[in-house]
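Just so you know, all these numbers are worked out from the coordinates, no wet-lab data involved. Given the structure is predicted, the values throughout are model-derived calculations rather than measurements. Don't worry about glycine lacking a Cβ; one is built from the backbone with ideal geometry, like all the others, and counts go over all protein chains shown.
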Number of protein chains: 2
Amino acid sequence: MTLIAMIPARMGSQRLPKKNLLEIAGAPLIVHAIRKCQASGLFDEVWVNSEHPDFGPIAEREGARFHRRPEALGDNNATSEQFVAEFLEHHDCSFLFQVHSIAPLLTVTDVKSFVERVQQDDCDALMSVVEENLECVFNGEPVNFTFASKTNSQDLIPVQRIVWAITAWRCATFLSAIRAGQCATYAGRVAFKPVSRMAGHVIKTEEDLDIARALWNVVHGT
Amino acid sequence: MTLIAMIPARMGSQRLPKKNLLEIAGAPLIVHAIRKCQASGLFDEVWVNSEHPDFGPIAEREGARFHRRPEALGDNNATSEQFVAEFLEHHDCSFLFQVHSIAPLLTVTDVKSFVERVQQDDCDALMSVVEENLECVFNGEPVNFTFASKTNSQDLIPVQRIVWAITAWRCATFLSAIRAGQCATYAGRVAFKPVSRMAGHVIKTEEDLDIARALWNVVHGT
């Protein structure tokens, strides 16, 4: 099995400009992501995937490779499905692992156990989820409980929130779906792997970054 | 309108023993909760509700009142509905606000805007929720998205997670439901008020406590 780690990095993030270059614990988010993938020792190749050439030297300095995606796949209307497909068309592998730099509290241990799950499980896609052991509501309607009785929260079936901190796709299944004009992200058998709440903390705003910085030592020790 | 704040405090919490007495930023969780309710300036009365007498002097020292619930309503099989009903049988009010001490990052500002929402809205129950702008799955099935297409997460309708950091019930509606043998927690018109992710952070484990301590300064400033 060939396993590739791919770290997406857009320069044009909207809410937090140049998000991937923001620093936490002395290094940019993108660098932490590269080092984490390398430290797991489980990937045949580690790639940074960006529309912007500035990420090339950063990737190379860290011993990772650089895939420059077309400019159009770096704007806000491009979906992850589009740039993942474009990457897979160029780099064949058994499984692609998309590791998000904006989840800096995902640890090397988390990455390892995620990869091991893919190696053991017969799935086409594996999604990282945070489990919510609380009552969840969608459009005003209960999801995992009923308005007819109050359950203690420990007795609820959790709702799983896909956090995209790390995602795996079987290359062949993904590309078949793309070529058939179907949704590739959820093609084939989809499985879900719980990660800790902190591993699933994703940076979208300035406040999220403050939270990640404050929690860094809780996760990684002082 | 008579508005009562009630802070539940069990001595026998299972996962974290004596949870309410754990300290954060120099004071026990229960004390922070009392002070927060008082600082809002919006409650006619602030009560601590416990099966254990040790909380009496703590409440009184902080200028709050103490309601001692029957022993049986303090064990792990008792539901919140049971002890809320028992409290309301003894203390009449227009609205009861249950404020959880285990959500220490809920601020005075959060409490105020929650109370104001109750004053403006014609609801029987108001629940604090954290909005999840990510794909949610329940029993392997999509809740707010479809496996047939990949949506950018900013286009998803959020799933709302009831965090119970603060909850309001119209006393009359709650007690009518109880007397009719129906579920009181969700009786009448239920509304949902979003709070920040940090305000909704609830302490159930040692790690949750570490997280709350690390985030204290992010919320309250240094």
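Using only Cα atoms, figure out Rg for chain A and give it as a multiple of 2.2 N^0.38 Å.
Numbers: Rg = 18.0 Å, N = 222, 2.2 N^0.38 = 17.1 Å.
Its radius of gyration relative to the 2.2 N^0.38 Å reference: 1.05.
Please report, for A:Arg117, the nm distances (one decimal) from its label point, 7 Å out from Cα along the beta-carbon direction, to the equivalent points in the remaining copies, shortest first.
Sorted ascending, the copy-to-copy spacings read 3.2 nm.
Under 1.5 on a/c is rounded, so check that first for segment B:49-100, then, if it is not, pick prolate when a/b is larger than b/c and oblate when it is not; a ≥ b ≥ c are the square roots of the alpha carbon gyration tensor eigenvalues. All intermediate terms of the calculation are to be shown ahead of the outcome.
Details: a/c = 1.94, a/b = 1.13, b/c = 1.72.
It is oblate, given that a/c is not under 1.5 and a/b is not larger than b/c.
Going by the alpha-carbon gyration tensor, a ≥ b ≥ c the square roots of its eigenvalues, is segment B:1-76 rounded (a/c under 1.5) or, if a/c is not under 1.5, prolate (a/b greater than b/c) versus oblate? Please list the in-between numbers first.
Values: a/c = 2.02, a/b = 1.30, b/c = 1.56.
Because a/c hits 1.5 or more and a/b fails to exceed b/c, segment B:1-76 counts as oblate.
Top mean-square fluctuation among A:Pro194, A:Pro57, A:Pro104, Gaussian network model of chain A, C-alpha springs under 10 Å?
So, out of A:Pro194, A:Pro57, A:Pro104, the one fluctuating most is A:Pro57.
Largest first and to the nearest Å, give the Cα extent of segment B:69-173 along each principal axis.
54, 34, 28
Mind checking B:153-159 for the average number of partner chain beta-carbons within 10 Å of each residue's beta-carbon? Don't jump to the answer; show the numbers that get you there.
Working: counts 6, 4, 0, 0, 2, 3, 8.
Neighbouring Cβ atoms belonging to other protein chains average 3 per residue here.
Is segment A:134-222 rounded, prolate or oblate when judged by the Cα gyration tensor, a ≥ b ≥ c being the square roots of its eigenvalues, rounded requiring a/c under 1.5 and prolate requiring a/b larger than b/c?
Numbers: a/c = 2.26, a/b = 1.14, b/c = 1.98.
Since a/c reaches 1.5 but b/c is at least a/b, the shape of segment A:134-222 is classed as oblate.
Distance in whole Å from the A-onto-B rotation axis to the closest C-beta of chain A, together with the residue it belongs to, please.
Checking which Cβ lies nearest the axis yields A:Ala214, 2.
Between 0 and 90 degrees, rounded to the nearest ten: what's the tilt of helix A:80-90 against the longest Cα principal axis of chain A?
40 degrees
Of all DSSP beta bridges in chain B, what percent run antiparallel (nearest 5)? Don't skip to the end; give the middle numbers.
Details: 16 of 34 bridges.
Of the beta bridges lying entirely in chain B, close to 45 percent run antiparallel.
In which sequence would B:Trp47, A:Trp169 go, from the one with the fewest C-beta neighbours within 10 Å to the one with the most? It would help to have the intermediate numbers written out before the result.
Numbers: B:Trp47 23, A:Trp169 31.
In increasing order of surrounding Cβ atoms, one gets B:Trp47, A:Trp169.
With +1 on each Lys and Arg Cβ and -1 on each Asp and Glu Cβ, how big is the dipole of the protein assembly as shown about its Cα centre, in debye rounded to the nearest 20? Could you put the intermediate results ahead of the total?
Numbers: 42 positive and 54 negative charges, 83 e Å.
Roughly 400 debye for the protein assembly as shown.
Which three numbers, in whole Å and largest first, are the semi-axes of the equivalent ellipsoid of the protein assembly as shown derived from its Cα gyration tensor as √(5λ)? Could the numbers behind the result be given before it?
Values: eigenvalues 403, 107, 69 Å².
Ellipsoid semi-axes (Å, largest first): 45, 23, 19.
For segment B:15-124, build the convex hull from the C-alpha positions and give me its volume per residue in Å³.
Normalising the Cα hull of segment B:15-124 by residue number yields 117 Å³.
Give me A:Ile7, B:Ile157, B:Ile30 ranked fewest to most by other Cβ atoms within 10 Å of their Cβ, as a rough exposure proxy. Walk me through the numbers on the way to the answer.
Details: A:Ile7 27, B:Ile157 13, B:Ile30 24.
If I rank by nearby Cβ atoms, fewest first, I get B:Ile157, B:Ile30, A:Ile7.
Compute the acute angle (0 to 90°) between the alpha-carbon long axis of helix A:108-120 and the principal axis of greatest extent of the alpha-carbon atoms of chain A; round to the nearest 10°.
80 degrees
In nanometres, what is the gap between the two model label sites at A:Ile157 and B:Glu45, each 7 Å from Cα along Cα-to-Cβ?
So the label points at A:Ile157 and B:Glu45 sit 4.2 nm apart.
Report the charge-dipole magnitude of chain A in Debye, nearest 20, computed about the Cα centre from +1 at each Lys and Arg Cβ and -1 at each Asp and Glu Cβ. Walk me through the intermediate numbers first.
Values: 21 positive and 27 negative charges, 43 e Å.
Dipole magnitude for chain A comes out near 200 debye.
HN-Hα J couplings of segment A:5-21 from phi, Karplus 6.51/-1.76/1.60, θ = phi - 60°, integer Hz, Gly and Pro as x?
9, 10, 10, x, 8, 9, 7, x, 4, 7, 5, 10, x, 6, 3, 5, 9
Between segment A:125-194 and segment B:184-222, what's the alpha-carbon centroid distance in Å?
23 Å
In degrees from 0 to 90, rounded to the nearest 10, what is the angle of the helix B:206-220 Cα long axis to the longest principal axis of chain B?
Between helix and principal axis, roughly 90 degrees.
GNM, chain B, Cα, under 10 Å: largest mean-square fluctuation among B:Val46, B:Val130, B:Val143?
Sorting by GNM fluctuation, first place goes to B:Val143.
If each residue's Cβ is checked for other Cβ atoms within 10 Å, how do B:Cys93, A:Cys136, B:Cys183 rank with the fewest at the top?
Numbers: B:Cys93 21, A:Cys136 26, B:Cys183 15.
Lowest to highest Cβ neighbour count: B:Cys183, B:Cys93, A:Cys136.
Placing a label point 7 Å from Cα toward Cβ, how far apart in nm is A:Gln182 from its equivalents in the other copies, listed shortest first to one decimal?
Nearest first, the other copies' label points are 4.6 nm away.
Which ³J(HN,Hα) values, rounded to whole Hz and listed in residue order, are derived for segment A:67-74 from phi using the Karplus coefficients 6.51, -1.76 and 1.60 in 6.51 cos²θ - 1.76 cosθ + 1.60 with θ = phi - 60°, glycine and proline given as x?
Once rounded to whole Hz, the list reads 10, 8, 7, x, 2, 5, 8, x.
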